[in-house]
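One structure is given here, and the rest of the page talks about it.
The values are calculated or read from the model by the stated rules, or taken from the named source; none is laboratory data. None of the values given here were measured: they were computed from a predicted structure. Positions of Cβ are generated from backbone atoms using ideal geometry, with glycine treated the same way; all protein chains shown enter the neighbour counts. In case anyone asks, the SASA skips ligands and DNA or RNA and just uses the protein heavy atoms, side chains included. Shrake-Rupley method; radii C 1.70, N 1.55, O 1.52, S 1.80 Å.
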Amino acid sequence: MRNRFMDLLATFAMVLAFSAVTFAQTYGTKGYSPGAWKPEELPKDLSKPKPYNPHDFVGVWSSPTKAGYFERHALNDKWLDIKDKSIPDQMRSQTYPPPMTDWAKTKFEATKPSYGPRSVAPGLGNDAVSTCDPMGYPRDLYEANLRPFEIVQASDRLLIHMQYHDIWRTVWTDGRGLPKDPDAAWMGYSIGKWEGDTFVITSTGYDDRTWLDHFGNPHSDQMVLVERWRHPDADTLTLDETITDPKAYTAPWVGETVTFVRAKAAIFEELCVPSEEEHFNDKIRDAAVGTAKP
């Protein structure tokens with residue numbers, strides 16, 4: 001089982017490293033979820049559509065995967081045609097942040113990511129993803145873009161469970177305000193409320209050791225993230241994000257609208273295990289930048 005799982009990781013990494021493979025299926029469906037229930041093994045009643053309720057986000061969701069397009073990895077990505085060989089592999093997913101402050105430029109120049117145009121071998125870098133350190137939010141959402149996540153709603157909170165690294169995010173909906181002087185947290189502190197049919201999440205208290213994306217774009221502990229989630233139809237969620245961080249950026253960073261589709265599959269265990277991540281680094285990330293071990 002371990003070898004099969006590592007083979008899957010290797011296949012996925014080749015997509016990230018070289019932008020050369022197109023997924024026509026949603027990650028988590030048949031053929032992409034070893035050890036999980038296949039759709040045909042689930043009770044047929046589970047596939048019946050639920051009555052549509054724009055305030056009911058419960059379910060498993062995933063980024064749609066289209067033939068000919070690369071996945072996104074930041075708040076603003078150009079979904080470029082991966083068949084266009086005039087675009088260098090590592091530049092086919094690009095990010096466009098607002099101008100950085102001098103403080104943020106210094107932090108950005110100190111980052112050594114494992115992916116993208118500035119990528120270095122993991123052994124020479126400082127990207128959290130290569131060492132199993134928490135990636136924080138919203139990066140975890142984008143880094144997991146080919147994996148599904150599930151949403152669970154309770155009377156006093158909404159829970160977002162990421163398959164990638166088995167991350168649970170709590171959004172409080174019981175009327176509390178944001179903490180006034182929080183200890184920095186990898187996933188921040190989040191509260192949510194309804195504005196009509198839009199679920200608005202406001203988050204603060206992020207640990208500034210995390211990056212906003214796998215290109216190394218930084219943020220400070222003053223960052224405020226506002227998310228506006230909508231459920232326009234039974235099988236679709238949309239997300240608009242705005243980051244305000246005057247210590248790091250000279251203007252708010254407004255993200256492009258992200259669309260998620262309902263995934264008709266169960267998510268499975270995908271922990272970040274240091275020993276397996278080291279193997280992944282040796283065989284995939286290092287190879288992508290020409291420093292593979294002999």
Exercise. Of the residues in region 151-189, how many are in contact (Cβ under 8 Å) with a residue 24 or more places away in the chain and either among the aliphatic types (A, V, I, L, M) or not in a strand (DSSP E or B) (or both)?
Worked result: 15
Seminar exercise, completed: With criteria (1) open to solvent by 10 Å² or more (accessible area, probe 1.4 Å); (2) under 29 Å from residue 268 (Cα atoms); (3) outside any loop (DSSP other than H, G, I, E, B), residue 215 comes up short on (3)
Problem set entry | Filter pass, residue 127 being modelled with pLDDT under 95, closer than 22 Å to residue 263 by Cβ and crowded, with 18+ Cβ neighbours inside 10 Å | no
For this session: Residue by residue through region 261-271, note down the ones that are in contact with a Ser or Thr (Cβ under 7 Å, 6 or more places away or on another chain) and either under 30 Å from residue 99 (Cβ atoms) or among the charged types (D, E, K, R) (or both).
Result: 264
Exercise. Quick check: is even one residue across region 179-193 open to solvent by 30 Å² or more (accessible area, probe 1.4 Å) and polar (S, T, N, Q)?
Worked result: no
Problem set entry | Matching residues in region 104-113 - criterion: being open to solvent by 10 Å² or more (accessible area, probe 1.4 Å) and touching a residue at least 24 places away in the same chain (Cβ under 8 Å) | 107, 108, 111, 112
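Looking at the structure I just gave you, is residue 207 at pLDDT 95 or above and closer than 27 Å to residue 269 by Cα?
Values: at pLDDT 95 or above: yes; closer than 27 Å to residue 269 by Cα: yes.
Against the criterion (at pLDDT 95 or above and closer than 27 Å to residue 269 by Cα), residue 207 qualifies.
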For this session: With respect to residue 140, determine if the residue is within 20 Å of residue 168 (Cβ to Cβ) and open to solvent by 60 Å² or more (accessible area, probe 1.4 Å).
Result: no
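Restricting to region 114-124, count the residues that are hydroxyl-bearing (Ser, Thr, Tyr) and either free of Cβ contacts under 8 Å to residues at least 60 places away in the same chain or buried (at least 22 other Cβ atoms within 10 Å of the Cβ) (or both). Working first, answer last.
Residues of region 114-124 that are hydroxyl-bearing (Ser, Thr, Tyr), as a first pass: 114-115, 119.
Then keep just the ones that are either free of Cβ contacts under 8 Å to residues at least 60 places away in the same chain or buried (at least 22 other Cβ atoms within 10 Å of the Cβ) (or both); that gives 114-115.
Qualifying residue count for the region: 2.
Of all residues being assigned to a loop (DSSP other than H, G, I, E, B) and charged (D, E, K, R) in region 250-264, which is farthest from residue 75 (Cα to Cα)? Just the residue, please. Show your work before the answer.
Let us first name the residues in region 250-264 that are assigned to a loop (DSSP other than H, G, I, E, B), namely 250-252, 255-257, 263-264.
Going one step further and asking which of them are charged (D, E, K, R), we end up with 256, 264.
On the way: 256: 6, 264: 26 Å.
Per the stated criteria, the residue is 264.
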Exercise. Do we find a residue being among the aromatic types (Phe, Trp, Tyr), modelled with pLDDT of 80 or more and open to solvent by less than 70 Å² (accessible area, probe 1.4 Å) anywhere in region 51-63?
Worked result: yes
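If the requirement is being modelled with pLDDT under 90 and outside any helix (DSSP H, G or I), which of these qualifies: 202, 238, 291, 242? It would help to see each step written out before you state the result.
Values: 202 fails: modelled with pLDDT under 90; 238 fails: modelled with pLDDT under 90; 242 fails: modelled with pLDDT under 90.
Every option except 291 fails the conditions.
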